[in-house]
Amino acid sequence: MADPSSYRPKPGQIPDSPGVYKFRDEHRRVIYVGKAKNLRQRVANYFQDLAGLHPRTRTMVTTAASVEWTVVSTEVEALQLEYSWIKEFDPRFNVKYRDDKSYPYLAVTLNEEFPRVQVMRGAKKKGVRYFGPYGHAWAIRETVDLMLRVFPVRTCSAGVFKNAARTGRPCLLGYIGKCSAPCVGRVTPEEHRDLAEDFCDFMAGRTGTYIRRLEKDMMQAAEEMEYERAARLRDDAGALKRAMEKSAVVLADATDADLIAVAEDELEAALQIFHVRGGRVRGQRGWVTDKVEAVDTAGLVEHALQQLYGEERGDAVPKEVLVPALPEDTEAVSQWLAERRGSQVSLRIPQRGDKKDLMATVQRNAQQALGLHKTKRASDLTTRSRALEEIAEALGLDTAPLRIECYDISHLQGDDVVASMVVFEDGLARKSEYRRFQIKGFEGQDDVRSMHEVIGRRFKRYLQEKERTGEWEEEQPTGTPADGPAAAGPAPTGPVPAPVPAVGPAADPVTGPAEDAEPREDDGRPKRFAYPPQLVVVDGGQPQVAAAKRALDELGIDDIAVCGLAKRLEEVWLPDDDDPVVLPRSSEGLYLLQRVRDEAHRFAITYQRAKRAKRIRTSPLDDVSGLGETRKQALIKHFGSVKKLRQATIDEICEVPGIGRRTAESVAAALASTAPAAPAVNTATGEIIEEDDGGSS
């Protein structure tokens, strides 16, 4: 536990300008990000008597080891920078809402030549129009099925679309009138796009125009005695009305608003959002969060607005946002929302009428969501705490292992040997810190040697990070100054305002030997290997545990516990013990260790299969310099297979459009050097296996 006075800024050192501040822990990890109209006043509040601080604030400042700040021009810039840094650094003491499910959206892919209507989940894509979110995917499909009568937009996948275009026959929806069949040219791309845009207009709430137009056309058809057409138009209008009925009318037709309600207690908060478009509830979603910082309802609302609209632009930000409490700086938040929408946004508390009544409904939903979450979480939190305590007791640890890392080796008969590292914090998977390794110290199958290599590489990087950040230094002989710039003079005291870092997505998860990447500058992002676990678990028995322990001993690390979990009898092995630790089958600690081990196995085998699939898909043509994908496909298409291409002469290869003589000679040489010694044989049937047309050999 750190003493806040040890890193308290000097009086007058902090500017009295708007800005954003960061608290870091002893590992230089950013643990809290905040913004302020006046940095001097806000930051000074954290360094008052600890007894006067909120318990959560007190925990944060005693966990921190330094504070720094960045001055900005306006409060709106501070709001944007705070959101960017919270997203980038993932501070542990900031409120972060998490969805209790992955909500489905109705999406129209306007970024394609022939837009497609489909159900989408996950991150939003540029050029795609989204409606929702919906509680269930089946609700979207029912709505789409009704609307395709009137707006027969394509719903098929790219593969089905291309196959229909190739054969000249549309799919079933094209025959029954629920697709305009642009794949076979029944409508032009422009006509199909108009249908998609009309579909979007209807979903956005502009419903009356289309229904009135259909009813007018129906009456005209009836007057002209075209009764079949009139009946079809009547059914189309009825389908649209049934689709509208699925969204209850709650406000005036022109109302576009999001209503946000918060239900909270001392420890947690639940948030519910109703999306109203064209006076109808078009979507609903809910978030929950732990109140890890001292925050009131207004603060929860501000965090929710940042997360809800931080990545949105244009119409995705509604004209009106109704909230239970206004943020501290309402004007700055309203201006930030207006910039994201491109026009004025009203941020207010509903006082009377239908909007206040609907807000009460949203509030009831939030209360129910919080109650349900607490019912689920109570047993889960208790169970995880008991599991960590059981592990600590069984392994003889001083404290519960709040951070556990597990390693597994995966290969296929000695080929494509890889390893995985998964991280569990407080008994929950922290997938952003998963890592994967390629074994490169040797070739072949040797799980024990592989485990020694992986543990050594991982903790060697940990020591490098400690040395680089100054947490650990070699002792200098008495009277000998340390080398480097620090010896030139006394170290500066107090924090130094940091420049605004380039804001962007966090570093990609490791796709190869990430532990060999160059160390990054100390920017506060979660480092690859900067934080040590309290417990290392390896998938295996005595040999693997001994290898892991030996790797740590060679690096001089003696404060990290090691154990192994053997699959056969689910025994827990400790270094230098001849007998395993046997946990009861009903033990929550054993169950947690099994989950950690199984997750490491899953992550390792997924990576190993991906590497094997990539290797199998390789072709001898990949090694030909200057031969791109287009010309490779042209060669395969011309000759039919790699086998026939290998049998072709240089002159025959030159006949392929785009292939010159020099390239043809390179192709022939590459294929000759990889010629199979003998044909492959199916041992079950005795057949000779021909090479496929895909270019692999």
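The values are calculated or read from the model by the stated rules, or taken from the named source; none is laboratory data. Just so you know, these numbers come straight off a predicted model, no measurement behind them. So basically every Cβ, Gly included, is an ideal-geometry build from the backbone, and we count neighbours across all protein chains shown. These accessible areas exclude ligands, DNA and RNA; they are computed on the full protein's heavy atoms, side chains included. Shrake-Rupley method; radii C 1.70, N 1.55, O 1.52, S 1.80 Å.
For the reader, a short list of remarks on this structure follows.
- Residue count for the stretch 641-652 satisfying the condition of being part of a helix (DSSP H, G or I), open to solvent by less than 60 Å² (accessible area, probe 1.4 Å) and of a type outside the set (D, E, K, R): 3.
- Any hit, the stretch 332-345, residues being of a type in the set (D, E, K, R) and under 16 Å from ALA257 (Cα atoms): yes
- Residue within the stretch 282-293 that is of a type outside the set (Val, Ile, Thr), closer than 28 Å to VAL76 by Cβ and modelled with pLDDT of 85 or more present: no
- For GLN351, the conditions (1) over 28 Å from the mean Cα position of the chain (by Cα); (2) touching a residue at least 24 places away in the same chain (Cβ under 8 Å); (3) more than 22 Å from VAL288 (Cα to Cα); (4) assigned to a loop (DSSP other than H, G, I, E, B) are fulfilled apart from (2).
- Of all residues in the stretch 309-341, those satisfying the criterion of being assigned to a loop (DSSP other than H, G, I, E, B) and among the basic types (Lys, Arg) are ARG313, LYS319.
- Scanning the stretch 166-223 for residues that are of a type in the set (A, V, I, L, M), surrounded by fewer than 16 Cβ atoms within 10 Å (Cβ to Cβ) and over 16 Å from ASP145 (Cα atoms) yields VAL184, ALA204, MET219, ALA222.
- Matching residues in the stretch 653-671 - criterion: being charged (D, E, K, R) and either free of Cβ contacts under 8 Å to residues at least 12 places away in the same chain or surrounded by 19 or more Cβ atoms within 10 Å (Cβ to Cβ) (or both): ARG661, ARG662
- Residue match in the stretch 437-446 (condition: at negative phi, at pLDDT below 90 and in a strand (DSSP E or B)): yes
- Test: residue in the stretch 299-317 that is over 25 Å from the mean Cα position of the chain (by Cα) and either within 22 Å of ALA332 (Cα to Cα) or not β-branched (Val, Ile, Thr) (or both): no
- Failed item, numbered, when GLU425 is tested on (1) loosely packed, with under 15 Cβ neighbours inside 10 Å; (2) within 14 Å of GLU599 (Cα to Cα); (3) among the charged types (D, E, K, R): (1)
- Residue in the stretch 618-640 that is in a helix (DSSP H, G or I), open to solvent by less than 20 Å² (accessible area, probe 1.4 Å) and under 21 Å from ILE409 (Cα atoms) present: no
- Leading residue by the ranking (nearest to the chain's Cα centre (by Cα)) among those in the stretch 253-284 that are over 15 Å from MET359 (Cβ atoms) and surrounded by fewer than 19 Cβ atoms within 10 Å (Cβ to Cβ): GLU268
- Residue within the stretch 290-313 that is in contact with a Pro (Cβ under 7 Å, 6 or more places away or on another chain), within 14 Å of LEU259 (Cα to Cα) and not hydrophobic (A, V, I, L, M, F, W, C) present: yes
- Per the conditions (1) modelled with pLDDT under 85; (2) closer than 25 Å to ALA237 by Cα; (3) open to solvent by 40 Å² or more (accessible area, probe 1.4 Å), the sole criterion not satisfied by ARG121 is (2).
- Inter-residue pairs, beta-carbon under 8 Å, first under 15 Å from GLY177 (Cβ atoms) and in the stretch 220-237, second open to solvent by 30 Å² or more (accessible area, probe 1.4 Å) and among the charged types (D, E, K, R), 6+ apart: LEU233/GLU215; LEU233/ASP217; ASP235/ARG149; ASP236/ARG149
- Any hit, the stretch 314-323, residues being open to solvent by 10 Å² or more (accessible area, probe 1.4 Å), of a type in the set (A, V, I, L, M, F, W, C) and modelled with pLDDT of 85 or more: no
- Filter pass, LYS356 being touching a Pro at 6+ places or on another chain (Cβ under 8 Å), surrounded by fewer than 20 Cβ atoms within 10 Å (Cβ to Cβ) and closer than 26 Å to ALA269 by Cβ: yes
Results for (1) of a type in the set (D, E, K, R); (2) more than 19 Å from LEU565 (Cβ to Cβ); (3) touching a Pro at 6+ places or on another chain (Cβ under 8 Å), shown as yes or no for each residue.
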| site | (1), (2), (3) |
| --- | --- |
| THR382 | no, yes, no |
| GLU390 | yes, no, no |
| LEU397 | no, no, no |
| ASP408 | yes, no, no |
| LEU412 | no, yes, no |
| ASP416 | yes, yes, no |
| ALA419 | no, no, no |
| VAL422 | no, no, no |
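- Failed criterion for CYS563 (all others in (1) of a type outside the set (Asp, Glu); (2) surrounded by 18 or more Cβ atoms within 10 Å (Cβ to Cβ); (3) farther than 22 Å from HIS452 by Cβ hold): (3)
- The stretch 289-303 - residue that is β-branched (Val, Ile, Thr) and closer than 17 Å to ILE349 by Cα and, of those, most open to solvent (accessible area, probe 1.4 Å): THR297
- Answer residue from the stretch 377-409, given it is hydroxyl-bearing (Ser, Thr, Tyr) and open to solvent by 10 Å² or more (accessible area, probe 1.4 Å) and is farthest from ASP447 (Cα to Cα) among those: SER379
- Among the residues making up the stretch 589-620, those that are touching a Ser or Thr at 6+ places or on another chain (Cβ under 9 Å), of a type in the set (D, E, K, R) and modelled with pLDDT under 85 are ARG609, ARG617.
- In the stretch 381-409, the residues that are in contact (Cβ under 8 Å) with a residue 12 or more places away in the chain and of a type in the set (Lys, Arg) reach residues that are open to solvent by less than 60 Å² (accessible area, probe 1.4 Å) and part of a loop (DSSP other than H, G, I, E, B) with C-beta atoms within less than 6 angstrom, at least six apart or across chains, in these pairs: ARG384/GLY427; ARG403/PRO533.
- Residue in the stretch 128-141 that is closer than 21 Å to ALA316 by Cα, of a type outside the set (Phe, Trp, Tyr) and modelled with pLDDT of 85 or more present: yes
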